[in-house]
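The values are calculated or read from the model by the stated rules, or taken from the named source; none is laboratory data. No experiment lies behind these values; they were computed from the predicted model shown. We place every Cβ from the backbone using ideal geometry, glycine too, and count neighbours over all the protein chains shown.
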Amino acid sequence: MTVGNSNLLSLVRNLSSFSPELREEAAETICDWVRSFNQHEVGVVASLLSVAAAVESVPNCRESELNALGELTQTGFVEAEFLAPLWDIDRKELCRSAGDHFDHLAGEYLIPDLAPPPGQ
């Protein structure tokens, strides 16, 4: 199964929107479609979600983005390097539920080889 190029492009646009509502809606759509993504689509979406979560300034959007990343891990297509931008997140700044999502992802994917060098 696949979501297709048009739907993938729409998700990318909404995940990178200035509107927090569109970003959160896109993350929720990803959760709804998680079983429909092929390997390529997971790579694109997971990479973009990681960057989005790393720079997100709206707490509920960040939580939705981290949750969507967690859902994508069910596909078996998520690679650790897709999630490398998450190293930029200060865990102490996350609310409890976002922290839980982050901890799951960190425990499964953020291997030391991808960690930034000390002092960065």
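Annotations
- Per the conditions (1) touching a residue at least 24 places away in the same chain (Cβ under 8 Å); (2) part of a loop (DSSP other than H, G, I, E, B); (3) within 24 Å of residue 106 (Cα to Cα); (4) over 12 Å from the mean Cα position of the chain (by Cα), the sole criterion not satisfied by residue 78 is (4).
- Single condition residue 58 does not satisfy, out of (1) within 14 Å of the chain's Cα centre (by Cα); (2) in contact (Cβ under 8 Å) with a residue 24 or more places away in the chain: (1)
- Subset of region 52-73 [assigned to a helix (DSSP H, G or I), farther than 13 Å from residue 27 by Cα and either in contact with a helix residue (DSSP H, G or I) (Cβ under 6 Å, 6 or more places away or on another chain) or among the polar types (S, T, N, Q) (or both)]: 54, 73
- Scan of region 7-30 for residues that are out of contact with any Lys or Arg (no Cβ under 9 Å at 6 or more places or on another chain), surrounded by 14 or more Cβ atoms within 10 Å (Cβ to Cβ) and hydrophobic (A, V, I, L, M, F, W, C), ordered by number: 8, 11, 12, 27, 30
- Residues in region 56-70 that are hydroxyl-bearing (Ser, Thr, Tyr) and surrounded by 24 or more Cβ atoms within 10 Å (Cβ to Cβ): 64 alone.
- Test: residue in region 96-112 that is of a type outside the set (A, V, I, L, M), free of Cβ contacts under 8 Å to residues at least 60 places away in the same chain and in contact with an Asp or Glu (Cβ under 6 Å, 6 or more places away or on another chain): yes
- Unmet requirement for residue 18, which otherwise passes all of (1) part of a loop (DSSP other than H, G, I, E, B); (2) in contact (Cβ under 8 Å) with a residue 40 or more places away in the chain: (2)
- The one condition from (1) farther than 18 Å from residue 3 by Cβ; (2) at pLDDT 95 or above; (3) surrounded by 22 or more Cβ atoms within 10 Å (Cβ to Cβ) that residue 83 does not meet is (2).
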